[in-house]
Amino acid sequence: MGKHLFRSSPPQEKQTAHQSLAETAVQECMSDITTVISKWTSSSDEFLFSTNSRSEAEEFVEVVRHLHSTMHRLVAVNPSSEKLIYAQNLMQSAMNLLESEFHRVLKENKQYLHPESVSLRSCRSSRRFSTSTVTSISDSEDEGGGSYEENPAAADEHRFSGGDSDAMDDLKMIADCMISTGYAKECVKVYKTVRRSIVDETLHSLSVERLTLHQIQKMDWEILEPKIKSWLQAAKLAVRKLFFGERILADHVFSSSTNIVEASFTDITQEGALTLFSFPEHAAKIKKLSPEKMFRFLDMYESLANLFVEIESIFYFDSAAAVRSQVINSLAKLGDAVRFMMSDFETAIQKEASKTLIVGGGVHPLTRYVMNYLSFLADYDESISVIFENWQLTVPSPLPESLFISGGGDDAHPEDLYSSPVSKRIAWVILLTLCKIDGKAQPYKDVALSYLFLANNLQYVVVKVRSSNLRLLLGDDWVVRHEGKVNQYAEKCEKLAWGKVLTSLPENPAEEITPEEARALFARFNDEFEAAYRKQISWVIPDPNLRDRIKISLSQKLMLVCTEFYEVNRFGLGGDAFNVRYTPEDIGNYLSDLYFGSRGSGSSSTTTGSGSGTGSTTTGKSRGGRSH
């Protein structure tokens, strides 16, 4: 009798018990789900995922998950159960409700879920602990706090704050449920459709167009340049706001599946990213590249290079390799274009053949153009350091004697002076320009004026180097050496222009001489000074520092002797004052009037022959790459 009390239940009875438990669990879940579905599908004014019903939404999701798990248990013990059919139909209804809510949350919270808004919130959140890589649209750094007027980033966040602050978490809750119950495909399809339209709309608002290489090559520069300007702004906003925001949203919503994050993000952004990042490559292939266009291409290169780390971080998936490759290709093509335009620039200098004399010995347009160009180029020192890194500089060796000031050969070969390819090339271009200027000094009939012309042009070069990033590339030694050469030119000009005036007075002005000798010396001095003054009144020294240095040097040499000679001999002349046309005070006044080009000819030019090339066509150019 006792043995029967402890006898195990037959296997069939156990199976029946399991089936009964599984069916009961399924039935309970079905009952709960049916109630929720009936409530929220019959209401047109209220939604399951809203502030007032969020707890009910969470319970609904949990019941759906539980139904899914109990269905699996029922299949294991009774795959032919009729309840499975009802449960599956009910599961489909539940998924339809979740899919509808997923779509609604995405659409109704469009502003709150805008990539720019998402990226701004991420930026503000991360700044509690560290500095974020994301900047606001106005490029202002948001340090947190303050009013919207004080804080542009906060104002931007406010602009995109319309919607439910729990929207991202609601999307994640729905996505987690649909993915875990086998409805990932339906969820991802809705997500891609809505988010891709937002990406396309945003790129369109940033003036990002789908342009083919053929379309870009047919554009005039006047049309292409504004598109480059628009691209420069669009690239930064697209990377740091649009793509970054989409990446944050995908990472959050589909955090339960890295594969879904990758697939959805890539499908949503890749086409737009390729359109954006292929533009520089197409632009760099235009047929009419010329030196004055270089700075726009450097702007694009600099922008892409600065964004590259962020692009790699955002598009790090294997499926986004095409985007990373496109950025690399665009950087390479932009580098090719810059090197081509730099070569064209150097060739234009070499071929410059204008026969223009700058009246008054002022600064030649070629000097102004080249040095303005190089000083602007030096602002891109990081970019051109990369672009010129493996670009071999080929220059004549030995260099022509005409490249060296005074034929002294004290300018070393650029290859020997610098290790940086950028420094070598810039030093070479300046040397080449000085060679051209040296040749343009030869036609001056007055040798003193030719030296003044050389001094003015070299001084312009030195000042440009000293006051720009060129100084960092060429070094202080370069500046010191060439300042010394400016002084050499100035001394030779002074000696030739004023030598006869200085020698018209005795070496020892205090020495006693007869009145007749004094009159003769004064007369000679008057004639020589007047001749020198009349000749040099049209000469010009544009640089005020150089002008003052030359005047001070001249005054020290001339005024000292003149004043002493005048004081010693003026009383011996009696009433014969006509012999002293220029008193020391008069001389000082006359000297102060010199080298301003007072006859209006200092900035004009006289053409003695036809010419072409850089100097004759590029006077007064403004920099194209930094006007934005």
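Quick notes on this one:
- Pairs with Cβ under 6 Å, 6+ apart, first in segment 63-75 and under 14 Å from SER93 (Cα atoms), second modelled with pLDDT under 70 and open to solvent by 50 Å² or more (accessible area, probe 1.4 Å): VAL63/ASP32
- Matching residues in segment 370-392 - criterion: being open to solvent by 20 Å² or more (accessible area, probe 1.4 Å) and assigned to a helix (DSSP H, G or I): ASN372, PHE376, ASP381, GLU382, SER385, VAL386
- Residues located in segment 521-558, provided they are within 15 Å of LEU449 (Cα to Cα), of a type outside the set (Phe, Trp, Tyr) and not in a helix (DSSP H, G or I): ILE537, SER538, VAL540, ILE541, PRO542
Here is a yes/no grid of residues against (1) in contact (Cβ under 8 Å) with a residue 12 or more places away in the chain; (2) open to solvent by less than 20 Å² (accessible area, probe 1.4 Å); (3) touching a Ser or Thr at 6+ places or on another chain (Cβ under 6 Å); (4) under 24 Å from ALA532 (Cα atoms):
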site: GLN459; (1), (2), (3), (4): yes, yes, no, yes
site: LYS464; (1), (2), (3), (4): yes, no, yes, no
site: ALA497; (1), (2), (3), (4): yes, yes, no, yes
site: PRO506; (1), (2), (3), (4): yes, no, no, yes
site: ALA520; (1), (2), (3), (4): no, no, no, yes
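- Filter pass, PHE297 being touching a Gly at 6+ places or on another chain (Cβ under 9 Å) and either open to solvent by less than 50 Å² (accessible area, probe 1.4 Å) or among the aliphatic types (A, V, I, L, M) (or both): yes
- Subset of segment 176-224 (residues that are among the acidic types (Asp, Glu) and in contact with a helix residue (DSSP H, G or I) (Cβ under 6 Å, 6 or more places away or on another chain)): GLU186
Here is a yes/no grid of residues against (1) modelled with pLDDT of 80 or more; (2) farther than 30 Å from ARG196 by Cβ:
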{"residue": "LEU67", "(1), (2)": "no, yes"}
{"residue": "ARG73", "(1), (2)": "no, yes"}
{"residue": "TYR86", "(1), (2)": "no, yes"}
{"residue": "ASN109", "(1), (2)": "yes, no"}
{"residue": "LEU113", "(1), (2)": "yes, no"}
{"residue": "VAL118", "(1), (2)": "no, no"}
{"residue": "SER122", "(1), (2)": "no, no"}
{"residue": "THR131", "(1), (2)": "no, yes"}
{"residue": "THR135", "(1), (2)": "no, no"}
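- Filter result (part of a helix (DSSP H, G or I), buried (at least 21 other Cβ atoms within 10 Å of the Cβ) and not polar (S, T, N, Q)) within segment 254-280: PHE265, ILE268, GLY272, ALA273, LEU276, PHE277, PHE279, PRO280
- Test result for ASN390, modelled with pLDDT under 95 and out of contact with any Ser or Thr (no Cβ under 6 Å at 6 or more places or on another chain): yes
The values are calculated or read from the model by the stated rules, or taken from the named source; none is laboratory data. Keep in mind it's a predicted model, so treat the numbers as computed, not measured. When we count neighbours, we look across all protein chains shown, and the Cβ atoms used for this are built from the backbone with ideal geometry, even at glycine. We work out accessible area using only protein heavy atoms, side chains counted, and drop any ligands, DNA or RNA first. Shrake-Rupley method; radii C 1.70, N 1.55, O 1.52, S 1.80 Å.
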